[in-house]
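Below is one structure; the comments refer to it alone.
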Amino acid sequence: MAAGTALPVTALPVPLSGRFKGSFAYFTIKDRLPQILTRTIDTLHRHKNEFFEEHGEKGVEAEKRAISFLSKLRNELQTDKPVTPLEDELPDTTLWNQYLDYQRNLSNGNGEPSWFQSPWLYVECYMYRRIHAALAQNPPIDNFDVFKEGKAQNFFESQGAIIALCTYFQELLKNIKDLDEKQLQEEFFKLLQVSLWGNKCDLSFSAGEDSSQKSSPLQCLEDMVPFILVNDMEKLWLLLKNAKNRKTDECKVRVDIILDNAGFELVSDFVVADFLLSSKLADEVHFRGKSIPWYVSDTTKNDFNWTIKQLQAANHMWMSRCGINWEGNLKKGVWVYHDHMFWTLPHDFSSMAEVAPDLYADLQKSNLLLFKGDLNYRKLTGDRKWEHTVPFHQALNKFHPAPLCSLRTLKSDTQVGLKPGQAEQIQASEPEWMISGKYGVVQFDPAL
């Protein structure tokens, strides 16, 4: 199957892979992925009684089969076995198996694609797809989300930060009509930064403050500005302002947010989306989530709806107000949630126009695409060993459906668009700078 790129393969750097011993990809495949599988197996074990209560013996039998499936998968991974075709009959199975054929062709007879030899992005996505298959192939527990507990826990552990953010935002909304353009821009930049740092900001976010939030809960943001390695927030502001000025009745301004984590980060994305509408910078916001449980904490439709319901039901006035307003935005159609199976395929985004032309065409209707998080950045740039100074536009490899921006904290070792010497300077004092989550980017491409 074609990779969806017109460039000769030699023009692109090699993908990150476990075959580079000592690399972050290598340690992720060697240590972290087996741990995730072990935790997934433990989660199923702990729910055995619940499966029995709901489904009787059939539920317990299904749980045993799923665990056996996952134990086998863990063994395949740890012993670097060849990647095998998917055997389920889900809507995306054919595309996955075609992609395996494509990987086989790439290897030019140098052995079968395998866990440590193939691209890290591929095998990591493949693991999550196999976790999904373990449940999907074993009714009656086929709708059980093995990651749901962790996502809910993150939400509840972040209550202080969520209250602080909702309170700050509701206070802001009271005066939003009185803000001049400079003040509006400042607020936009603050909320973008909260969304950028996502879960990272949250513990420092409400540290020691009571819920009346006498000082701004966004105080910590000032200290974190130096850690934004590429900061294109001004460009976003200009783009949205120009779109607003050109707007006609027929032509609405639309922003799409390609979501990452559930929990606090999702709430911070909701706040940005509400701000865009309330400040009249956008007329509608489209959210893009995952159609299956993915990468432990990624947002699915269930997580999206659950979060808004939790906020509505909260016994905190401003949290509840946010939840009620956001439910209203969905009902009015000014917020729209979509999922699409492309987001959980192994392809990078340069393949989207070919593999999912319907999705690509829909994204082309947007004025701005906000891609949240590290996995989206990896898929935007093909998860390759790029030189750090390569322009972002070039690394996107012809993926230009609309102006786009990545809001990403660095948690994997690919990063482009830096100034000459910038990476080397940080590397000298912080060898782990690309994987620590300490640094971030707000990186824009105008799609021209």
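The values are calculated or read from the model by the stated rules, or taken from the named source; none is laboratory data. Treat the numbers as computed from the prediction; the structure is a model and nothing was measured. As a convention, Cβ positions derive from the backbone with ideal geometry for all residues, glycine included, and neighbour counts pool all protein chains shown. The protein model used for the area step is the full one, side chains on, heavy atoms only, and it has no ligands, DNA or RNA in it. Shrake-Rupley method; radii C 1.70, N 1.55, O 1.52, S 1.80 Å.
Things to note:
- Per-atom-type breakdown for the range 310-366 gives carbon and sulfur 51% of the accessible area (1.4 Å probe, protein chains only).
- Long-range amide H partners of ARG384 with built H, under 5 Å: LEU16
- Length gained on full extension, HIS55 to LYS419: 125.2 nm, using 0.36 nm per residue less the C-alpha separation.
- The range 240-399 shape via C-alpha gyration tensor axes, a/c threshold 1.5: oblate
- Cβ-Cβ FRET estimate between GLU222 and SER436, R0 fixed at 22 Å, reported to 0.05: 0.65
- C-alpha center-to-center spacing [the range 93-134, the range 54-84] in angstrom: 19
- Karplus (6.51, -1.76, 1.60) ³J(HN,Hα), θ = phi - 60°, over the range 77-92, in Hz, Gly and Pro reported as x: 5, 5, 9, 6, 6, x, 6, 9, x, 6, 10, 8, 10, 7, x, 9
- For THR300, the amide hydrogen comes within under 5 Å of the amide hydrogens of LYS290, counting only partners 5 or more places away or on other chains and with H modelled in the peptide plane.
- Rounded, prolate or oblate (a/c below 1.5 giving rounded, otherwise prolate when a/b exceeds b/c) for the range 305-448 by Cα gyration tensor: oblate
- Computed magnitude of the charge dipole of the range 237-378 (debye, nearest 20; Cβ of K, R +1, Cβ of D, E -1): 540
- Accessible surface area normalised per residue over the range 292-448 is 38 Å², counting heavy atoms of protein chains with a 1.4 Å rolling probe.
- Relative packing of 252-263, 418-429, 385-396, which averages over residues the other C-beta atoms within 10 Å, highest first: 252-263, 385-396, 418-429
- Directionally averaged shadow of the chain, computed from the convex hull of its alpha-carbon atoms, nm²: 22.3
- GNM top mover of LEU410, LEU368, LEU330 - the chain, alpha-carbon springs below 10 Å: LEU330
- Theoretical gain in end-to-end length, ASN302 to GLN153 [0.36 nm per residue, Cα-Cα removed]: 52.1 nm
- Size of electric dipole in the range 341-448: Cβ of Lys, Arg +1 and of Asp, Glu -1, about Cα centre, debye, nearest 20: 140
- Rounded to 5, the percent of DSSP beta bridges in the chain classed as antiparallel: 30
- Proximal aspartates and glutamates relative to LYS81, as straight alpha-carbon distance under 13 Å, when same-chain residues fewer than 8 apart are discounted: GLU112
- For the range 302-448, the number of Lys pairs with C-alpha atoms closer than 26 Å, counting only pairs eight or more positions apart or on separate chains, is 27.
- Taking 0.36 nm per residue of separation and subtracting the current Cα-Cα distance, fully stretching the chain between LYS365 and SER429 would add 18.7 nm.
- The range 239-388: relative contact order as a whole-number percent, Cα under 8 Å and 6+ apart: 28
- Placing unit charges on the Cβ atoms only, positive for Lys and Arg and negative for Asp and Glu, gives the chain a dipole magnitude near 400 debye about its Cα centre.
- Gaussian network model of the chain, Cα within-10 Å springs - most flexible of LEU229, LEU12, LEU240: LEU12
- What a 1.4 Å probe finds exposed on the range 3-144 is 51% carbon and sulfur by accessible area, rounded to a whole percent.
- Farthest positive-ward along the chain dipole, Cα basis, beta-carbon charges - from VAL230, LEU135, PHE264: VAL230
- Per-residue Karplus couplings for the range 325-335, computed as 6.51 cos²θ - 1.76 cosθ + 1.60 with θ equal to phi - 60°, are listed in order as 4, 6, 4, x, 4, 5, 5, 6, x, 8, 10 Hz, Gly and Pro entered as x.
- Among THR300, LEU375, VAL336 - extreme Cα towards positive end, dipole of the range 295-448, charges at beta-carbon: VAL336
- For LEU418, residues with placed amide H under 5 Å, excluding near neighbours: THR389, VAL390
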